[in-house]
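First comes the structure, then the notes that go with it.
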Amino acid sequence: MYPMIQLKKGKEATVGVRHPWIFSGAIDNKDEKIVHGSMVGVVSATGSLLGVGSYSSHGSIAVRMMAWDDAVIDSAWIEKKIRAANERRKLLGYGPGTDTTGYRVVFGESDGLPGLVVDRYDDVLVLQISITTMENMRTEIVDALTHIFSPRAIVERSDIGVRRDEGLDAKEGVIYGETEDAVAYVEHGRASIAYVLQGQKTGAFLDQKDLRDLIERYAEGKTVANVFSYTGASAVAALKGGAESVVNVDSSAFALAGCEAMLKANKLSSKKVENVESDVFQWFGDRRTPEYDMVILDPPALIKSQKDQEEGMKAYHFLNRAALRLVKTGGIFVTSSCSHFLTEDDFQFVLRRASVQAGVIVRVLAVVGQSTDHPQSVYFPESRYLTSYVLQVESRI
């Protein structure tokens with residue numbers, strides 16, 4: 001049995017409904033053997049076992065629950081959880097031989113594996129470890145992945161800021177097999193490329209696949225501005241849907257080179273595409289009149305913590321107002337936020353204020369969350385982080 005942490009009276013309620021986080025202020029006492037990164041048992045004030053989890057002495061989240069019984073978290077347990085997560089992705093229609101071979105296999109707490117993300121790009125896996133307990137189980141994780149998937153390569157992209165909060169150094173690179181940077185995969189039938197060594201996140205933005213389906217549906221005959229384009233997955237969706245032209249705007253020359261590669265992979269003509277390397281805020285600042293039938297706005301997370309709230313809200317407001325000014329009457333505006341700290345109510349407030357200041361009235365055509373391979377857990381509301389609106393500019397004020 002693992003060393004024990006006992007909760008204060010009344011603090012077991014959230015654990016009882018399977019929320020995976022226990023904050024440090026809920027702890028009454030703990031076994032002196034417990035160190036940062038340990039596995040621990042968790043008991044109520046009356047001594048009833050609530051489950052086991054990983055302990056962190058850094059930050060406000062002291063325990064991340066992994067099981068609600070007296071489980072032993074070993075290599076067999078890890079493999080079983082990853083297999084179960086992958087079976088759920090198969091239910092979604094993802095995997096080898098389907099029209100989607102790029103998908104998230106493990107999404108942290110939502111799959112019962114806090115601190116672990118695993119993305120699959122055809123026969124290459126990319127893992128990301130963010131907490132010390134999972135770092136300590138790295139060998140078991142890699143062994144499980146090779147056993148389950150027999151991948152050509154496993155790449156680590158544990159180069160995220162939260163590792164610093166855990167006292168962990170960044171780790172990245174190929175840790176099993178061999179692979180080049182650019183890895184081909186398929187997303188709902190669209191040829192795609194992930195840059196697993198040099199790209200953002202784990203190489204691609206798999207969570208927007210459902211939104212790209214809507215972009216493809218609405219794009220026919222439209223002139224499109226794809227802002228914060230990255231490597232052009234949304235541009236490909238628009239062109240597949242019959243867009244007349246697409247302008248990709250991004251500050252990264254590397255990303256825009258990826259746009260060209262995506263066009264070739266999908267056998268699409270580059271004559272309909274313009275790639276603009278520019279600071280997006282500057283690009284918007286130079287434009288104020290309606291000139292596109294569709295504008296796609298998918299910025300990075302602009303609110304990364306509570307302290308960024310005020311400045312982040314200002315940035316979201318500026319971007320959405322500037323983008324709406326460029327959409328022709330009757331046109332489509334697609335806007336996203338991947339900031340967990342921007343609530344849906346706050347996002348709606350941004351859109352209300354931005355639309356009025358841009359002089360337009362908008363109607364909601366669709367609201368889309370992260371794709372279901374990034375599952376939202378009913379026990380863990382924090383698992384929802386991505387919201388996108390598809391709006392029509394109905395009229396001008």
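The values are calculated or read from the model by the stated rules, or taken from the named source; none is laboratory data. Keep in mind that what you see is a predicted model, and the values were worked out from it rather than measured. Cβ atoms come from the backbone with ideal geometry, glycine included; neighbour counts cover every protein chain shown.
Do the conditions hold for residue 117, that is, is it modelled with pLDDT of 95 or more, out of contact with any Ser or Thr (no Cβ under 8 Å at 6 or more places or on another chain) and at negative phi?
No; evaluated as a whole, the condition is false for this residue.
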> Counting only residues that are part of a loop (DSSP other than H, G, I, E, B) and under 26 Å from residue 222 (Cα atoms), which one in region 339-372 is nearest to the chain's Cα centre (by Cα)?
Replying inline: 370
> If you go through region 16-40, how many residues are part of a helix (DSSP H, G or I) and at pLDDT 95 or above?
Replying inline: 3
> If you scan region 125-159, which residues turn out to be within 12 Å of residue 105 (Cβ to Cβ) and not in a helix (DSSP H, G or I)?
Replying inline: 125, 126, 127, 128, 151, 154
>> Please go through region 300-328 and give me each residue that is of a type in the set (D, E, K, R) and not in a helix (DSSP H, G or I), ordered by number.
In response: 304, 328
>> If I go through region 280-295 residue by residue, how many of them are in a loop (DSSP other than H, G, I, E, B) and hydroxyl-bearing (Ser, Thr, Tyr)?
In response: 1
>> Out of the residues in region 354-374 meeting the condition of being buried (at least 16 other Cβ atoms within 10 Å of the Cβ) and either free of Cβ contacts under 8 Å to residues at least 12 places away in the same chain or touching an Asp or Glu at 6+ places or on another chain (Cβ under 7 Å) (or both), tell me which one is nearest to residue 187 (Cα to Cα).
In response: 371
> Within the set of pairs 6+ apart or on separate chains, which have a first residue in region 268-280 that is in contact (Cβ under 8 Å) with a residue 24 or more places away in the chain, a second that is crowded, with 18+ Cβ neighbours inside 10 Å and among the small types (Gly, Ala, Ser), and C-beta atoms under 7 Å apart?
Replying inline: 273/235
>> Restricting to region 208-263, and then to whatever is of a type in the set (Lys, Arg) and part of a helix (DSSP H, G or I), can you tell me which residue is surrounded by the fewest Cβ atoms within 10 Å (Cβ to Cβ)?
In response: 217
>> Among the numbered criteria (1) over 25 Å from residue 115 (Cβ atoms); (2) surrounded by fewer than 18 Cβ atoms within 10 Å (Cβ to Cβ); (3) without any contact (Cβ under 8 Å) to a residue 60 or more places away in the chain; (4) among the aliphatic types (A, V, I, L, M), which one does residue 351 miss?
In response: (2)
> Quick one: how many residues across region 207-222 are closer than 20 Å to residue 264 by Cα and in contact (Cβ under 8 Å) with a residue 40 or more places away in the chain?
Replying inline: 3
> Consider residue 336 against the criteria (1) closer than 24 Å to residue 216 by Cβ; (2) more than 24 Å from the chain's Cα centre (by Cα); (3) touching a residue at least 40 places away in the same chain (Cβ under 8 Å): it satisfies all of them except one. Which criterion is unmet?
Replying inline: (2)
